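Below you'll find the structure, written out as structure tokens, and then a few comments.
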Amino acid sequence: MRIGRRKRDEVEIAEAVAGDVEVGAPTPEVELADEADAGLDEVVATTSTDKSAPADRDENGPLDETEANLVRPYVDLGGVKILPREGLHLRLEVEEDSQRVVAVGLDFDDSTLQVQPFAAPRSTGLWHEIRAQIAEQIEQQGGVVTEVDGPFGPELRAQVPVIGGAGVTDGARAARFVGVDGPRWFLRGVIAGKAAEQPDDAEEIEELFRGVVVVRGTTPMPPRDLIPLHMPKSAQSAV
């Protein structure tokens, strides 16, 4: 009886989350550099191409679609599936010109988690070189970055400058950049709010990242291309 109630409640929460999707412009963040960008060859030459992921990734996430129990009421956003929970608010970040969904934002308990899935090579990872690029870009902007060993492996904890009106720096905000290399995909997360300011008290937002399921699909894609995202079906039908 308890199991039945839990499943029914999860379905109700999933429907509520899917039906209450906020769509907005992308949050200004550090962008993934293109391989053609100047200076990238130096970064690639000094970073490892080994995969970076928790030892228990295939059991405790982030999971590949082939590893997940898809009977659970995930919210289907295309390249990722999100396991809902009570109190979770879902945001889709959309490019103004193309109207393409470029990121998924999860707001929970005074913290935010932005996730983006990218195509990756089968046998090598992206996080080591991307992490170096992100750190370099933040430092060029006048921010401060520290690399630590976090729950998902190496992560960046940063103070990112906030650019106000007229391009003037208006303080800084704490952010954590996490990444996991999976089978033919790379999942990046950016954590802000309470979970970035108090990382020792961030278990719930870290569980949200663990709960993401990546849907790579079979379509050939160049490494670093964003795996397509879309609105959940219930929200699409309501538009």
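The values are calculated or read from the model by the stated rules, or taken from the named source; none is laboratory data. Bear in mind the structure is a predicted one, so any value in this text is a computation, not a measurement. No Cβ is skipped: glycine too gets one built from the backbone with ideal geometry, and neighbour counts run over all protein chains shown. Areas reflect the complete protein model, heavy atoms only, side chains present, ligands, DNA and RNA absent. Shrake-Rupley method; radii C 1.70, N 1.55, O 1.52, S 1.80 Å.
Some observations on this one:
Residue-wise test of (1) open to solvent by 40 Å² or more (accessible area, probe 1.4 Å); (2) out of contact with any helix residue (DSSP H, G or I) (no Cβ under 6 Å at 6 or more places or on another chain); (3) at pLDDT below 90; (4) among the small types (Gly, Ala, Ser).
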residue: GLU31; (1), (2), (3), (4): yes, yes, yes, no
residue: GLU35; (1), (2), (3), (4): yes, yes, yes, no
residue: LEU40; (1), (2), (3), (4): no, yes, yes, no
residue: SER52; (1), (2), (3), (4): no, no, no, yes
residue: LEU63; (1), (2), (3), (4): no, yes, no, no
residue: THR66; (1), (2), (3), (4): yes, yes, no, no
residue: ARG72; (1), (2), (3), (4): yes, yes, yes, no
residue: HIS89; (1), (2), (3), (4): yes, yes, no, no
residue: LEU113; (1), (2), (3), (4): no, no, no, no
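- Apart from one condition, THR46 fits all of (1) at pLDDT below 95; (2) surrounded by 14 or more Cβ atoms within 10 Å (Cβ to Cβ); the exception is (2).
Here is a yes/no grid of residues against (1) within 18 Å of the chain's Cα centre (by Cα); (2) within 22 Å of ARG224 (Cα to Cα):
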residue	(1), (2)
GLN137	no, yes
GLY143	no, no
THR146	no, no
GLY150	yes, no
GLY171	no, no
VAL180	yes, yes
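- Just one residue in the set VAL144, VAL190 is under 30 Å from GLU67 (Cβ atoms) and of a type in the set (Val, Ile, Thr); that residue is VAL190.
- Matching helices (runs of 4 or more DSSP H) fully within the range 142-239 where at least 3 residues are touching a strand residue (DSSP E or B) at 6+ places or on another chain (Cβ under 8 Å) and at pLDDT 95 or above: 194-197, 203-210
- Checking each residue in the range 145-162 for being of a type outside the set (Gly, Ala, Ser) and surrounded by 13 or more Cβ atoms within 10 Å (Cβ to Cβ) picks out VAL145, GLU147, PRO151, PHE152, PRO154, GLU155, LEU156, ARG157, GLN159, VAL160, PRO161, VAL162.
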